[in-house]
Structures are given as C-alpha cells and as structure tokens.
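Q: My questions will all concern the structure given below.
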Amino acid sequence: MSRYITRLRMRRTYKWNGRPVGEDRKLKRQYYESMSISVEGKTEDATVSLGQYILIEGDDDDNPFVAQLLKLYTDDSGKKKTAVLQWFVRMCEVPQNKRKLLGRDPHPQEIFFYQDRSCDNEVDGETILGAVQIEYVPVQDPFPVGKSRDILFVKLLWDTKSFRALDPELMQPSQSPKSPPPSSRGPQTRALPTPDPSVMKRAMSGILTRGSMSTGKMSSSEAESLHSASKLSAAKALSAKRRSQAVSGPQVRKKLDLCSPSKNMSRDDVLGELLDERSEKTLTSKLNTSPTGRISISIRLTPLNLNKEECVSPLSSHSPDKPRMTAHDKDDAARARTPSRRKDSAALREPALAALAEEEHEDSPINTAATSRSKRKSAQLVSSRIKKQLNLLGNKIGLQSDGEDGDDDDCFIPSKIDLQSSSDEEEEAKIDSEDELIVKKHRGSGTSRSTEKTRVSARTPRKTPSKKTAPATPRTPRHATPSIPSRTAPARKPGNVLEEARARLHVSSVPESLPCREQEFQDIYNFVESKVIDGTGGCMYISGVPGTGKTATVHEVIRSLQQSAEQDEIPHFRFIEINGMKMTDPHQAYVQILQKLTDQKATPDHAAALLEKRFSAPAPKKETVVLLVDELDLLWTRKQNVMYNLFDWPTRRNARLVVLTIANTMDLPERIMINRVASRLGLTRMSFQPYTFKQLQQIITSRLNRVKAFEEDALQLVSRKVAALSGDARRCLDICRRATEICEHSGSQKNSSGLVGMSHVMEALDEMFSSSYISAIRCASVQEQLFLRAVIAEFRRLGLEEATFQQVFVQHQALCRVEGLQPANVSEGLTVCQRLGSCRLLLLEGSRLDLFLRIRLNVSQDDVLYALKAD
Amino acid sequence: MCLKFYGELLEAQNQPVHSSVSWAAERHLLSALMWTPEIRHVASRKYAGQWREITGPAPVKMSKRRSAALTGAQGISLAQKLLRERLCHQKLPDQPVGLDSQYKHLLELLRRTAVHGESNSVLIVGPRGSGKTMLLGCVLRELMSLKEAQKNVLLVELNGLLQTDDKIALKEITRQLHLENVVGDKVFGSFAENLAFLLEALKKGDKSSSRPVLFVLDEFDLFAHHKNQTLLYNLLDVSQSAQTPVAVLGLTCRLDVLELLEKRVKSRFSHRQIHLFSSLSFAQYLDVVRAQLSLPPDFPDPKFSDEWNHSVTKLCEDKTVEEILRRNFNGSKDFRSLHSLLFLAVSRVSVSHSTLREADLIEAWRLISVDSKANVLHGLSILELCLIIAMKHLNDTYDGEPFNFQMVHNEFKKFIQRKSHSIHKFEKPVVMKAFEHLLQLELVRPVDSGVCKVQREYQLMRLMLEHGQVMEALQRYPQCPTDVKQWALSAFG
C-alpha cells in the first residue's frame, strides 16, 4: 500500500506562475521561476519554485525521489515543461551492497546529497509531485527528534562510492555564492497563498538550515551531472543542441568571476548579490573549482554553464524585493524554529543551551556541533534512545519509511508528544497555514499537528497511513533472520593430498577463473558492458545442457563487471538474480525482483504493477539493472505474461534493464514462446556446447591447481567417458571425487603410489554409470527370478509385451514344477510380483486389479535372460 | 484400517501373558497386509520408532536383581519380549548383516559432511525389506557417537508418504530446523515465503562455520513426483554450491529413480548410489535365523537361555524346518518376511512347552503361506460355492470372457436339473442374493463399474479366482456334496 498512491491517481495539472522570467531565443525556451500544481479535488494549488526541494514521481510511491529545483523551462510549443534538478537520494535508493558503508542505521528521514556524474538531471516537469522540506544536520549532531515526519534530513553526501560528510567549510560560505536557491526563495514565499510572517519564517528557517549545507556540494555535483548528461541518452540531444550554440564570451566573464572573493561575503552581501546576476556566475565558478568535482569537466561543459547563466540571471533580477525580505526573516525564523527543534531533541529541556547552540549555528555549523556535543550530553542520550526507537520503527517499516514522514501520528508517538509541546509561534503559524488540503487529514488530533507538517502537507502528496507502520507486535516472526545455527567447532580442514584434492574438486568450490569458456565469457561481458555504458536495455538468451557452466559464466561476468565498476571504468549497476526453480509460482518472479530491487514486499500483482511503473517511468535517476533469470522455462505460464513483461521492460526507453536468461534447451523461444514474447526476446542468443574431453581435462587440472592426486591417464579416462556421455562438468568432478575416495580406501591396503589411478577411476565410473538392474536380478530370490522367467515366457507365448498376472501366474506355476519347487499359491505369487514391481523391474497396474493386473517388463528381455543365465 | 489392526495386534503381542489372540483375526490381517506392501511397510516403520532408539536409552533393561531365580513363566515372557523387540524392528542390530562395505561407505560420507563440512548427496537403493533404514540408523548411531559430530549435525527427516508435496515438506524442514519463523510447532508465512526463507537461511551459511544439515528423504522417489521437483532441485543445488553444508540422503526401493529426476536436478545430484542387494546364501540365511532366535549371553536366567539356545540349534537342523525356511528364502531374501514367520512361531511358545518346537514353526508357516482367498472360500455356503463352480465352467467355456448373472444362473439351473436330488431348488431371488454376497466379497467383480445403467442380472462380471484356488477350496471344504465336487471336476458344465 502506498501512501502517495491516492495522490498519484489524481489528475494533476501544471501551470506556470507568472510570466517567463527569461528566454533563450536560440533554444526557443522560456524560463520560469515557479510552477503551480493543482490537483483535482483540492481547492488550493501547490506551488513549486526554483530552489525549493521537491518530490519527483518515481517508481516507488512511498518514496518519491527528492531533488532541488534548479531550473524550469518550456520549449517553444509551450507544451513540454522541463525541470533541471539536483538530486538527493534516500537510503533505499542506495545500492543494497553499499548501504553498509554508512556504518550506522540510517535515520528514516535521512536523505543524501547525490553526486553522480552519470545521472541525468533533467526531468519532465509534470513528474513533480510537490514540495518537501529538507533540513541540514551537521555530521556530528544527532538527528533532531520530534520534527514532523515530512521533513527530511541531509547529513552526508553520496557519490555512488562512499558516504562523505558535507564539508561545513564548503557549507558555511555557501550562502553567499549560492545564488539559485536564494534568488528563488522570494518567489517561493510569495507564492504561498497567505503571506503571513510566521509562515514565511518557517519557510525560511527550513531552507536556511538546509541551504547552508548544500551549495558547495551541489554545484560540484551539478557539474558532474551535467557532465554525465552530455553522455547520457536522455539529455544527449539537448546538450548537443546547446553545444552547437556555444559562445565564448560569457565563458570568459565567468572565469573572471572565479577569482572574486565571494566566499567570504556576509549574509548581507549575499542579499546584495542575490540581486545581480553575478551570483549565478559564482555558482558556475564554484562549479569549476569545487574540490569534489572531477577534473574531467571538459570544454564540453561550458556551453551548458553559459546557458544556465543566461537563463537564470534575469530571474534573480526580476525579484529584487523578495530576497531582502527573506533575509530579514531568516534570523527570526531560525531563532523561532531552532529552539523548538532543540527542545525536541533535548526532550523539552535546556532551552537556554538550545538558544546558544542556535546562535552559533547561524554562523558556524562546526562550532555548533562541537558545543552541542560537549554540552548536551543528556539530551543526546535521550535523543539517541529515541533515535534507536525510530530506527527500530524504520526497520519495521522497511526502508521506504523515509518518505512516509510524519503523517501517521498514531503510530509514531514520540513525535506527537513533541509536537504538542511545540512553541506558540508555531501553533499560530499552523493555524494560519492550515489552509489547504488538511481537511482530509484531520484525524481528531488537529491541535497537535505541527506547523511544518501542515506546511509541508500542503505541498507534499497526501499519504494514507501505511499498514506496514503498525507497531511491532510479537505476533509473527515477520523479520526473522534466516540462518542456520553455527557449529561449535569450525570444520576440519583437509588433511592430506587426497582430501585437499577432493575439496578442490567439489562443485561448490568456486574456481578463480573459468577455463574453456573464454569466448562465451567475452561475448556476455561485451553485451552487458555495452548496455551498462550506454544506459540502454536488452535481452540475451543463453542455452546449454546442464553442467556446462552457464550460470557460473554469467556470475563470473558480473563479478568482473562489478570490479571494473568499483574502479570507475564503467557506471555502477545493480545485479539481481532470480531462479525459476527457486520460486513456487512463476508470478513470484515479480515479488522476488521487487524485493531484491527495493526491499519491498508485495503480492505478485502489486509487485508487477510497481515494477511496470519503475521500468516505464520517465524518471531517469536510475542505475542500470542487470537481471539474471535462471531456469527460464519454469516461468512459463499459459498467457506467458511473466516472460512477456521480463522481455518487454528492457525495450522501454527509460528502463535501463539488461535481462540475461538461462535455460537448458536451445530452441526454447521457438518451442514454448508465443510470437510476441519470442520477438521481444530478440536474437541475441548464445549456446553453451557440452564440454569436450580436452576441456573437461583442463577444468579438472585447473581446479586441482598442481595438487598432484591423479594420474594423467586416469584424468583422461574420466574426461573422455563423461564427454562421450553428457559433457556435464559436474558429473566429471563427482566422478573424480568418488575416485579419490576409492583410492583412499584401497590405498591403505595396497600401499600403492597414493595417486588416483585407472583402476580407481574405473571403479567410480562403474558405480555411477552401470545399470543396477542386472545385479538386482542376480540378487533376487528364487521365486522372483522364476517369476521374471515366467513373464518372458508368457510374452513369448502371447507375442505381446504385456500380460495379466493370471496368465503369468500359470506360467510361473509350471516353471515351479519344472524346477522341482512346490508351486506358489496366488497370494505368494502376487507378493513376489509386487516386490518386483516396487523395484521397477516390472511395471504394474494397481494391485486392486488382483488377477487382472497387467504386467510389463521395465528391463529388456535380453538383460533379464543375461542376468538369469549367468547366475 | 490395516494400520490400526496391525497396531492393535502388536499391542496384544506385547502383553506379557499371551495366550489367546484370535488366530483368525491375525490370519486375516496378515493376509491383508500381504496385499499391500506399502502399508505393511509404513506400519512397521510407524511402530519401529527407529530414530528415537538411536539416541535414546535402550528401551528394555534386564532387571538384574532377580537374576537367577526366574520362574518358567517369567523366563518365557522375558525371552518373548526380547525376541519380539528384535523381530518387530524395534531395536537396531549391533551390526548390519552383510552390508559392511555399504556401511563403511555411508559412514565415511556422512562423517566428512559432519566433520569437514563437505556437501554430499547419496541415494540408498534396495528392494523393500533390504535394510535401508536399518543401515542408515546404524550409521547415524555411529556418527552420533563421534563427539565432533554429535553437537554439530542437524538432522531433518522427511518421508515421501507423509510429506506429499513441497509445501508440507518445506514446513516440516523449517520446523525440524527450528528456524526463526517457527513459533511453537507452527510455521508462519506462505509457501513462497517459506521457500525464500529456507533458501536464504541455507545460503547464509558457509562451509566452515555452519552446522551441517543431514536431509534424510525416505521414499525418495515420491519427492520426484512433486511439482517441478522444486524441493529436490533446491536441496541438491545447495549441496553443489558453497552454502551451508548439507548431505542429502535419499532412500528408495526404485531402481530407476534417477530416470525420474529432471535433467537439471539429475545434473546436480552426485550420482552416488549405494545398492543394497542381499547376496545371502541359504547357509548364511540359516545362521541369521539361529542368531535371531538365540538369547543373548547376558540373559538373566542362564539355565533358561541355555535350554532355549540349544532347542533353537536343534530346530535349525530339523529337516522340515529347513524345508520351511528354504521355501521362505526362495520366496524372498529379505528379513522382514523371515521376521514375521519367526514372530508367529515365537508367539506360540507358552508355559506348557517352554521351548521353540518345529510344530510352532510349521503352524506359523501354514498361517503365513495360506492363500488369502482360499480362506474366504471356506466360509461360503454350498449355494455360493455352486455359483463359483458355475462361473469357473463359464470361464473355461468362454476362455475368460466376462459373464453376467443370467449366464451363471442358467449354468446353475442345468446342474440342478441333472442332480436335483442332492441340492435344493433355489428361487432366483435367493440365487441373486448369493451372487451379490460373492460380489461383496469381491470374489466376483464387475468388468466396468462405471456403467450402472445395465440391469443387475446382465451386468458383466469376472471371477477373481484362479482355477487352482477353486479346486483347492473344494478339496478342503468340509462336507462338500460329492455331486458338487464331481461337477467341479467335470470338463463340461
């Protein structure tokens, strides 16, 4: 169940606010500074303006993407609204294997400044859901407690490889060069329906705390994203267009600005700067000088920067009053807000300390952090406890809880209490701003609603409380961790050469490299690599009989691709594996993919819908997903919709999905798939041939890796035999293992060379390949053998391969007399017959048929006769 | 039904004073059990409680305090108790007979899983009664006596007859492993969740640090009939990958079990098969009989046990007894049929004759080997017998083609007309009634039970008796009229 879903299903209409603030004639674009979003059924429109933090519709309703709005423009037709963004990521968007890099449990409301060169930062304006509030929290500080759950916190920066602190040094002066957000702050507040001072204050405070942190990083990361945008498909065309129109003049001007001492400007200076377009240039200059920025920012970027400058500068000059006003408010707002925040975190104690901290906070986040750490021990203790609780709750909810914020008062008690004790100012403000959309939200706790919450709720989509947030009861072990208890003493290591060899020959021991599959490896590697680099999608079908290394090769490919992704040679990607045999029903494939992708649990239908949305949504902030579907034929359903979807998603423009499928039969697409599915699978196919004896020999040799346990001839015999039968490497390894065992047993007696020789291998081969029917017949009792003979005699008489028990029994009795045995009676005869039937030497009908049950031989007559004769 | 009776029978046998168990009931039961090897199999398993015996204390302790002074009755009941335990598979033998190499192989394999954490898979294949479970029980007993293995090994036992689909099997595995989604005896979550959970659990383990899990799959072939063989695939896949060490032990009597496996499942199976084919000669068989019947040296009353053992030795040398045992040996080499024979013989020992005599064994053999239908035929009325004979003649005339009541009645009438003096004239309804009784006894069976539209008189039937069975029954039938006998012997109706 999603909390945003109701909102999403509503029709949203997007309108520009006011007139265009700038125009780019060459690109035929008009720039705007704010946009209003009206939702059906709501009286008031929500407004988003430049610099604001917004939610972008994503594939996960619970956790829409978070970003800061940098630019808004429309093309000449006026139809398509485009937004340029700085992304933030939630923990659940960070690749699963990287999450532990954080080294702590993420705060449920925590987001990270996203710095990734490969991420497209232009999205369709109509994917904007609304505004959201973000607060910056210094690295050392605990997360503020008791804030509305709509507020998101930023502490760290995520650059796809590690979490880094947002450098306060960068943060502090950032107020001055940070032009786009302040410049747009005016319009934003202005756009509020009731420009009540307290509302403004709150709005400001939210942005202030947050704004102080982001600029430095943001500009650099922006550079990266711009850089990557030139590479990525979505923005490719646009940037190319712009590049062609590049002018060198503004570039020079910007270079000059680079040297301007804008970093040390006071807040007033900032205000001043906000008024002119220089600020924009400082931003871009920062962009070039940013320490985190990659050196690879090349000349290709300049047209983009220039463009931006051109378009934003009129914007800032357009609103001369507002920035000043906001600046005035800033102090007040901060003062008004921070105490309450401190109070929250300090569990309503120490207002003085809080005020102190707040004062410092204005100018030097580092100091604040330091002092607050030293002085607010008790507060920290309490808050950490609450945080723990939060985390607990967050874990229960799943990682998507980030987005659900503070709407469910009933399940998030600490925040409620804190909210109730929030300051009068806020109460007032709340009443003022409780203007829109709240009606629905009232659930009997109107007074306790916090101001920021209502404010945000006016913009953010309404959420219905998720059922997952129900308080943790010991009802079911829902979050039980699957594990097998560990043993008391560690397993013994192999002692001698044979044991060592056996351990190496076990199928499970993963070899360093896969010999004999170099060509296949290269093909798959190239395929996946090209798709990952291009950011496109595709399908591949891999076939081959069991035990030819299909899955192992794909895993090997992924391993080496991941290695090169670590080393930044290719963009990062997600690898997900599902196996048709490891699910109970084909539709479970959706559930498993979704769970591995986003950690969500859902029913198959819902999962399918969510995945559909994810892979077709235009939101481009995605890494490529490489999906391995093992045992594809098990995903067959009558309508084949599972397969259809799996092969259809990669063809979507924004999916960035690479699907590798594995099955045993080469002609699976032709045999079981209907045309539209087979067509989507495409013709990228590969077939793994069974191993030849040379390859098998090489595999064993490379596994043994100079452990001398086998005679050369013995190895050759095994590989030749297996190659002739199946070419199954598993079989080959199993035989070798068995041979070492036989050698070990016989070795103690004969005191031979200690190597596995021909005789041992022969014995192992015999054990595994020889049919047991003959020895079973030889070891059968006299009556059983007679009965088999009677069956054959009856078959010969009838000229058929089938007879009833009655007929055979007559023969049997006759044979008994010939052999000088007392003839068996019917009961005995049936017992003998059934016993042969249970071994499947005979094939029988149900014993209920009694005399008339039909008998067939399950062995060839010659085998039976051979076995009986030799007796 | 059969199970319940068998249980009651066993309980009756276990009572100390055993005198008058209804032989008829026993006979019926035994013959019934003869017909259904699967059920017999389960019944013996059910009452064997094999696993508990391995780990738990020995179920019977000799009461040492009244060692020498046992009365005759006490000695007998004690001896019977001891032998019953042996013969009803309640106690594992000290050493499996004639399975030494298989024993070593299996033990070595499991030891490596337990100690080295090496994953393995193996099938134990052998006909019913060949000692698969016994072998495994002995191996596990030995394995558990190793200190290293004792604390480390987790055992999961499944039976294809009980876990009839993967869903149930999965729950059972989860329950026996005490995974975390088990509360009490209940397993939470859907089938899909359980599977994912179990696989996740097994995946998290690794070779050196997780406790190895032994999966014992009794009636392995039945698991191969589960949908997609999901369970087998996953277990065998774990055994072939670097996850929690597992040993998958399949027990089956089907020789063609590998052909049941899907190719990808088959590929993951290690193809180790341990075959249990008994290659006993008759002399060895006799030795086994002697050993099975002998009382152990630590029997509290040495005098009694000496006497008993002496009588057993003498018994085995007896010609008739040897003949009986040879016939049993010819019938099947497995010990289960031998045990049921000896069991009946031992049960006949009482205070009046305190040793095992050949008469006991002969009587036991008679009970065991008697044809089940011949017994039923003894209880028929003359009229019913006449109908059977009429049907036999019809069978002879029409070469086994089905007949209907009308035909039988005609045949019967012809006979009455010829020999009216010896048999009453029966009205047709009375004959019909007798016919229906035969139908109920399933001595006659409709050819196609699906079609009921046909009038009862004309419904096609088949006789479920062999020619020989009818003749034998007639020979033994008390006071059978000579005319009827002659009619039966005559070549034409």
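The values are calculated or read from the model by the stated rules, or taken from the named source; none is laboratory data. It should be emphasised that the depicted structure is a prediction, and the values quoted were computed from it without experimental measurement. Reconstructed Cβ throughout: ideal geometry from the backbone, glycine too, with neighbour counts over all protein chains shown.
Q: Let me spell it out: the conditions are (1) surrounded by fewer than 20 Cβ atoms within 10 Å (Cβ to Cβ); (2) within 8 Å of another protein chain (Cβ to nearest Cβ); (3) within 16 Å of B:VAL248 (Cα to Cα), and B:GLU148 meets all of them except one. Which number is the exception?
A: With (1) surrounded by fewer than 20 Cβ atoms within 10 Å (Cβ to Cβ); (2) within 8 Å of another protein chain (Cβ to nearest Cβ); (3) within 16 Å of B:VAL248 (Cα to Cα) applied to B:GLU148, the lone miss is (3).
Q: Of all residues in segment A:754-795, how many are surrounded by 24 or more Cβ atoms within 10 Å (Cβ to Cβ), in contact (Cβ under 8 Å) with a residue 60 or more places away in the chain and part of a helix (DSSP H, G or I)?
A: 3
Q: Restricting to segment A:760-802, what's the tally of residues that are under 29 Å from A:LEU715 (Cβ atoms), among the charged types (D, E, K, R) and more than 10 Å from every other protein chain (Cβ to nearest Cβ)?
A: 2
Q: Looking at B:GLU427, B:GLU411, B:GLU457, which one is touching a strand residue (DSSP E or B) at 6+ places or on another chain (Cβ under 9 Å) and of a type in the set (Asp, Glu)?
A: B:GLU411
Q: Could you check segment B:375-389 and list, in sequence order, the residues that are assigned to a helix (DSSP H, G or I) and over 19 Å from B:TRP487 (Cα atoms)?
A: Initial filter on segment B:375-389 (assigned to a helix (DSSP H, G or I)): B:375-378, B:382-389.
Across segment B:375-389, the qualifying residues are B:ASN375, B:VAL376.
Q: Just to be sure before I move on: is B:GLU180 within 11 Å of chain A (Cβ to nearest Cβ), free of Cβ contacts under 8 Å to residues at least 24 places away in the same chain, charged (D, E, K, R) and surrounded by fewer than 22 Cβ atoms within 10 Å (Cβ to Cβ) in the structure I sent?
A: It is true that B:GLU180 is within 11 Å of chain A (Cβ to nearest Cβ), free of Cβ contacts under 8 Å to residues at least 24 places away in the same chain, charged (D, E, K, R) and surrounded by fewer than 22 Cβ atoms within 10 Å (Cβ to Cβ).
Q: Within the set of pairs 6 or more residues apart or between chains, which connect a residue that is loosely packed, with under 15 Cβ neighbours inside 10 Å inside segment B:462-481 to a residue that is not in a loop (DSSP other than H, G, I, E, B) and not small (Gly, Ala, Ser) with Cβ atoms less than 6 Å apart?
A: The qualifying pairs do not exist here.
Q: Do you know which residues across segment A:148-171 are under 10 Å from A:GLN115 (Cα atoms), among the acidic types (Asp, Glu) and modelled with pLDDT under 75?
A: None; the set is empty.
Q: If I go through segment B:190-216 residue by residue, how many of them are touching a strand residue (DSSP E or B) at 6+ places or on another chain (Cβ under 8 Å), more than 7 Å from chain A (Cβ to nearest Cβ) and either surrounded by fewer than 20 Cβ atoms within 10 Å (Cβ to Cβ) or under 12 Å from A:LYS582 (Cα atoms) (or both)?
A: Of the residues in segment B:190-216, 1 are touching a strand residue (DSSP E or B) at 6+ places or on another chain (Cβ under 8 Å), more than 7 Å from chain A (Cβ to nearest Cβ) and either surrounded by fewer than 20 Cβ atoms within 10 Å (Cβ to Cβ) or under 12 Å from A:LYS582 (Cα atoms) (or both).
Q: Give the number of residues within segment A:532-554 that are in a helix (DSSP H, G or I) and surrounded by 16 or more Cβ atoms within 10 Å (Cβ to Cβ).
A: 6
Q: Go through segment A:663-679 and give me each residue that's among the hydroxyl-bearing types (Ser, Thr, Tyr) and either surrounded by 19 or more Cβ atoms within 10 Å (Cβ to Cβ) or more than 14 Å from A:TYR644 (Cα to Cα) (or both).
A: A:THR665
Q: Further question on the same structure: Going by what's in this entry, would A:GLN689 be described as over 22 Å from A:GLU612 (Cα atoms), surrounded by 16 or more Cβ atoms within 10 Å (Cβ to Cβ) and modelled with pLDDT of 90 or more? It would help to see each step written out before you state the result.
A: On the way: over 22 Å from A:GLU612 (Cα atoms): yes; surrounded by 16 or more Cβ atoms within 10 Å (Cβ to Cβ): no; modelled with pLDDT of 90 or more: yes.
No, not satisfied.
Q: Please count how many residues of segment B:369-387 are crowded, with 20+ Cβ neighbours inside 10 Å and away from every other protein chain (no Cβ under 14 Å).
A: Of the residues in segment B:369-387, 3 are crowded, with 20+ Cβ neighbours inside 10 Å and away from every other protein chain (no Cβ under 14 Å).
Q: Counting just the residues of segment A:817-871 that are over 30 Å from B:LEU377 (Cβ atoms) and polar (S, T, N, Q), which one comes out surrounded by the most Cβ atoms within 10 Å (Cβ to Cβ)?
A: Only one residue fits best here, namely A:ASN858.
Q: Determine whether A:ARG730 is modelled with pLDDT of 85 or more, assigned to a helix (DSSP H, G or I) and either within 14 Å of chain B (Cβ to nearest Cβ) or exposed (fewer than 15 other Cβ atoms within 10 Å of the Cβ) (or both).
A: When the stated conditions are applied, A:ARG730 passes them.
Q: Is it the case that segment A:632-652 has a residue that's under 22 Å from A:ALA565 (Cβ atoms) and part of a strand (DSSP E or B)?
A: no
Q: Scan segment A:498-525 residue by residue and report those that are touching a residue at least 24 places away in the same chain (Cβ under 8 Å) and away from chain B (no Cβ under 14 Å).
A: Residues satisfying the conditions are A:SER513, A:LEU514, A:PRO515, A:CYS516, A:ARG517, A:GLU520, A:PHE521, A:ASP523, A:ILE524, A:TYR525.
Q: Scan segment B:103-118 residue by residue and report those that are basic (Lys, Arg) and under 17 Å from B:GLY137 (Cβ atoms). I'd like the intermediate steps shown before the answer.
A: If we filter segment B:103-118 for residues that are basic (Lys, Arg), which is where we start, we get B:104, B:111-112.
Listed by number, the residues that qualify are B:LYS104, B:ARG111.
Q: Filter segment A:814-862 for residues that are hydroxyl-bearing (Ser, Thr, Tyr) and at the interface with chain B (Cβ under 10 Å from one of its Cβ atoms) and give the result.
A: Within segment A:814-862, A:SER827, A:THR831, A:SER838, A:SER847 meet the criteria.
Q: Among the residues of segment A:845-871, which ones are of a type in the set (A, V, I, L, M) and either in a helix (DSSP H, G or I) or under 20 Å from B:VAL447 (Cβ atoms) (or both)?
A: Within segment A:845-871, A:LEU849, A:LEU851, A:LEU853, A:ILE855, A:VAL864, A:LEU865, A:ALA867, A:LEU868, A:ALA870 meet the criteria.
Q: Considering only residues that are of a type in the set (Lys, Arg), assigned to a helix (DSSP H, G or I) and surrounded by fewer than 19 Cβ atoms within 10 Å (Cβ to Cβ), which ones fall in segment B:390-437? First the steps, then the outcome.
A: Step one: filter segment B:390-437 for residues of a type in the set (Lys, Arg), giving B:392, B:413-414, B:418-419, B:425, B:428, B:433.
Going one step further and asking which of them are assigned to a helix (DSSP H, G or I), we end up with B:392, B:413-414, B:418, B:428, B:433.
Listed by number, the residues that qualify are B:LYS413, B:LYS414, B:ARG418, B:LYS428, B:LYS433.
Q: Is there a residue being of a type in the set (Lys, Arg), in contact with a helix residue (DSSP H, G or I) (Cβ under 9 Å, 6 or more places away or on another chain) and more than 30 Å from A:ARG840 (Cα to Cα) anywhere in segment B:158-167?
A: No, that holds for no residue.
Q: Kindly indicate which of B:LEU123, B:LEU106 is in contact (Cβ under 8 Å) with a residue 12 or more places away in the chain and not in a strand (DSSP E or B).
A: B:LEU106
Q: Does segment B:234-245 hold any residues that are within 7 Å of chain A (Cβ to nearest Cβ) and either surrounded by 24 or more Cβ atoms within 10 Å (Cβ to Cβ) or of a type in the set (S, T, N, Q) (or both), and which are they?
A: Of everything in segment B:234-245, those that are within 7 Å of chain A (Cβ to nearest Cβ) and either surrounded by 24 or more Cβ atoms within 10 Å (Cβ to Cβ) or of a type in the set (S, T, N, Q) (or both) turn out to be B:ASN234, B:GLN240, B:SER241, B:THR244.
Q: If we keep just the residues of segment A:526-555 that are within 14 Å of chain B (Cβ to nearest Cβ) and among the polar types (S, T, N, Q), which is nearest to the chain's Cα centre (by Cα)?
A: A:THR551
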